[in-house]
Amino acid sequence: MLEVLSYDFMQNALIAGILVSIASGIIGSLIVVNRMVFLAGGIAHTSYGGIGMAIYFGFPIFFGASLFAVLSAILMAYITLNQRDKIDTFVGLIWAVGMAIGIIFVDLTPGYNVDLMSYLFGSILAVSSDDITYISSLLGLIIFIMIFWYKQILAVSYDSVYASLRGINVKFFYTLILVLSALTVVIAIKVVGLILVIALLTIPVYIAEKLSSSLASMMIISGILSSIFTVIGLFVSYQFDITSGASIIMISALSLLIFLSILKIKKQLL
Amino acid sequence: MKNNILEIKNLSFAYLQQEVLQDINLEVAKDDFLAIIGPNGGGKSTLLKLILGLEKVKTGTIKISKNLGYVPQNTNININFPIKVIDVVLMGHKNETKVKGIKKYFKIGYTKDEKDCALASLKEVGMEKFADSKIGSLSGGQRQRVMVARALSAHPKILLLDEPTSSIDVEGQKQIYDLLKKLNKEITIIVVSHDISVILGYASKVAYINKKLVIHNGIEKDIIDRDNGHFCEVEMIQMLDQLKQKDCSC
């Protein structure tokens with residue numbers, strides 16, 4: 001089975017998978033503790049608009065998707081901070097409109113032949129070394145921000161009212177968290193596709209939440225778990241010739257199920 | 001008066017067309033323990049937000065020491081948040097540093113002084129043993145005391161508490177109020193509460209607020225003792241109305 005490692009595409013897939021898993025462990029933790037799962041779902045689907053435009057105008061897909069995702073993140077941050085009661089309606093709207101824009105542009109593209117499925121369910125086996133450069137610079141940025149602004153991000157996530165009383169710019173950090181989420185969602189789309197991206201961002205976090213006593217340890221544990229699930233998922237997908245995104249998610253979900261069962265049994269025994 | 005730590009003059013406030021507060025005047029002296037009571041929708045929370053600066057004052061003035069501590073109402077939200085008690089208390093420190101320039105935006109972690117100060121605050125509220133516990137593993141009363149410690153770590157001159165006992169049991173409530181009484185020797189305490197038993201033996205001054213504000217300096221203790229401190233709010237309001245009429249007639 002190890003002979004698959006000699007293929008370039010498999011090496012790229014493994015490296016990209018692990019890098020994306022670490023990023024999604026960090027950002028997924030922030031998304032879960034800030035209760036932004038629905039917002040992240042909206043951003044993921046909106047980014048399809050950027051994918052469609054990138055295909056139509058012929059610029060890099062990552063660029064188009066990132067641009068759309070970041071714009072929708074800023075819009076959602078603005079709505080959440082100013083019109084909290086209307087957030088459901090607006091996120092639903094942005095979600096659908098983004099998808100619609102994407103579909104229309106893909107339709108308009110002459111001789112369109114890009115595999116739509118690869119954006120919906122991921123295309124980790126098609127990761128290029130340019131993609132890896134992009135993914136690793138984003139991961140670097142995320143780690144840098146977390147090291148220097150951990151205190152502020154923690155304060156805003158735990159109790160935003162108190163943070164603002166203590167002179168922390170809540171709007172800035174809230175928007176920053178959403179923008180980083182948007183960028184992470186885009187690279188995670190490469191691995192598992194936009195349909196499954198929320199599962200990649202949240203399943204490892206649900207397990208880590210039970211095992212950690214600080215946000216930082218939650219991020220680290222999620223990153224490690226996510227990497228393990230991705231690597232196992234990749235080998236399973238190679239072995240049985242199934243879509244990698246789906247097998248990664250199934251491995252994660254199975255692990256969550258086993259973990260929760262063990263937790264329950266332990267509780268009953270005690 | 002120089003001794004006043006909080007002065008509110010001719011304060012009115014409205015959300016859109018709805019007037020919530022009307023011509024409020026309030027002076028709080030340094031050693032006061034003020035209870036703000038009143039019905040739901042009477043403007044208690046709005047007044048608190050205005051004092052804290054979470055809402056902008058449009059009509060009237062509020063003068064208050066910059067150095068204030070705040071304990072929010074609902075400490076049961078975010079119970080599952082992965083955070084240790086000590087890290088919650090550390091958040092109370094002001095987000096300011098002596099380092100100037102670009103470096104001040106990139107200060108990593110906390111200094112030893114800040115950690116010692118946070119531990120001292122925890123000790124003050126009797127929670128130092130729980131410094132490394134997860135916040136979610138504490139009881140409601142313990143969590144409330146941690147929130148008081150968080151407010152104390154900024155060394156405030158005045159401490160504002162919003163319904164500090166709304167979600168804790170009777171034993172926990174007594175502990176909180178005894179703690180506040182102890183703290184009142186050093187700092188001014190303002191408690192917004194439904195819980196009339198605050199007034200019994202703890203508050204030195206009561207402000208009843210229902211759009212307008214009426215101040216009472218001390219309540220006739222025997223009336224409250226009669227019911228063992230547990231009265232319903234309606235009775236309290238009736239009693240205060242009687243007092244108000246008395247005030248008017250003289």
*Please state which one of A:D85, A:D159, A:D107, A:D130 is out of contact with any Phe, Trp or Tyr (no Cβ under 8 Å at 6 or more places or on another chain), surrounded by 17 or more Cβ atoms within 10 Å (Cβ to Cβ) and free of Cβ contacts under 8 Å to residues at least 24 places away in the same chain.*
A:D159
*Only one of these conditions is not met by B:N3: (1) surrounded by 13 or more Cβ atoms within 10 Å (Cβ to Cβ); (2) at pLDDT below 80; (3) closer than 21 Å to B:V191 by Cβ. Which number is it?*
(1)
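Taking the stated definitions as given, is B:L52 touching a residue at least 40 places away in the same chain (Cβ under 8 Å) and closer than 19 Å to A:V156 by Cβ?
On the way: touching a residue at least 40 places away in the same chain (Cβ under 8 Å): yes; closer than 19 Å to A:V156 by Cβ: yes.
So B:L52 passes the test.
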*What single numbered condition from (1) assigned to a loop (DSSP other than H, G, I, E, B); (2) in contact (Cβ under 8 Å) with a residue 24 or more places away in the chain; (3) over 24 Å from A:S137 (Cβ atoms) fails to hold for A:E209?*
(1)
*Before we move on, is A:V231 in contact (Cβ under 8 Å) with a residue 60 or more places away in the chain and either within 21 Å of A:I27 (Cα to Cα) or not aromatic (F, W, Y) (or both)?*
yes
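Quick one: is B:N184 modelled with pLDDT of 75 or more, out of contact with any helix residue (DSSP H, G or I) (no Cβ under 6 Å at 6 or more places or on another chain), of a type outside the set (G, A, S) and over 22 Å from B:R145 (Cβ atoms)? Write out each step before concluding.
Working: modelled with pLDDT of 75 or more: yes; out of contact with any helix residue (DSSP H, G or I) (no Cβ under 6 Å at 6 or more places or on another chain): yes; of a type outside the set (G, A, S): yes; over 22 Å from B:R145 (Cβ atoms): no.
In short, no.
Being closer than 23 Å to B:S193 by Cα and out of contact with any Cys (no Cβ under 6 Å at 6 or more places or on another chain) narrows it down to one of B:A151, B:A120, so name that one.
Testing whether each residue is closer than 23 Å to B:S193 by Cα and out of contact with any Cys (no Cβ under 6 Å at 6 or more places or on another chain) leaves just B:A151.
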*asked:* Condition first: at pLDDT below 90, over 13 Å from A:I132 (Cα atoms) and aromatic (F, W, Y). Now tell me which residues in region A:6-50 satisfy that.
replied: A:Y7
_Candidate set from region B:64-87 (those that are under 18 Å from the mean Cα position of the chain (by Cα) and facing chain A (nearest Cβ under 7 Å)); member that is modelled with the highest pLDDT_ = B:Y70
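In region A:8-16, is there at least one residue being without any contact (Cβ under 8 Å) to a residue 24 or more places away in the chain and of a type in the set (G, A, S)? Write out each step before concluding.
If we filter region A:8-16 for residues that are without any contact (Cβ under 8 Å) to a residue 24 or more places away in the chain, which is where we start, we get A:8, A:11.
Going one step further and asking which of them are of a type in the set (G, A, S), we end up with none.
No, that holds for no residue.
Out of B:I219, B:I190, B:I237, I need the residue that is out of contact with any Cys (no Cβ under 9 Å at 6 or more places or on another chain), outside the structural domain of B:S121 (by TED's automatic domain parsing) and modelled with pLDDT of 75 or more. Which one? If you could, list the steps in order and put the result at the bottom.
Working: B:I219 fails: modelled with pLDDT of 75 or more; B:I237 fails: modelled with pLDDT of 75 or more.
That would be B:I190, the only listed residue that is out of contact with any Cys (no Cβ under 9 Å at 6 or more places or on another chain), outside the structural domain of B:S121 (by TED's automatic domain parsing) and modelled with pLDDT of 75 or more.
Table: residues versus (1) within 14 Å of another protein chain (Cβ to nearest Cβ); (2) part of a helix (DSSP H, G or I); (3) at pLDDT below 95.
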position: A:P110; (1), (2), (3): no, no, yes
position: A:Y134; (1), (2), (3): no, yes, yes
position: A:I143; (1), (2), (3): yes, yes, no
position: A:K151; (1), (2), (3): yes, yes, yes
position: A:V156; (1), (2), (3): yes, yes, yes
position: A:S181; (1), (2), (3): no, yes, no
position: A:K190; (1), (2), (3): no, yes, yes
*Which residue, of B:S167, B:S204, B:S193, is within 20 Å of B:N74 (Cβ to Cβ) and surrounded by fewer than 20 Cβ atoms within 10 Å (Cβ to Cβ)?*
B:S167
_Pick from region B:143-170, criterion in contact with a helix residue (DSSP H, G or I) (Cβ under 7 Å, 6 or more places away or on another chain) and part of a helix (DSSP H, G or I), ranking: nearest to B:Y110 (Cα to Cα)_ = B:R150
*Only one of these conditions is not met by A:L201: (1) more than 10 Å from chain B (Cβ to nearest Cβ); (2) without any contact (Cβ under 8 Å) to a residue 60 or more places away in the chain. Which number is it?*
(2)
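The values are calculated or read from the model by the stated rules, or taken from the named source; none is laboratory data. All figures in this text were calculated on a predicted structure; none of them were measured in a lab. Note that each Cβ is placed from the backbone with ideal geometry, even for glycine, and that neighbours are counted across all protein chains shown.
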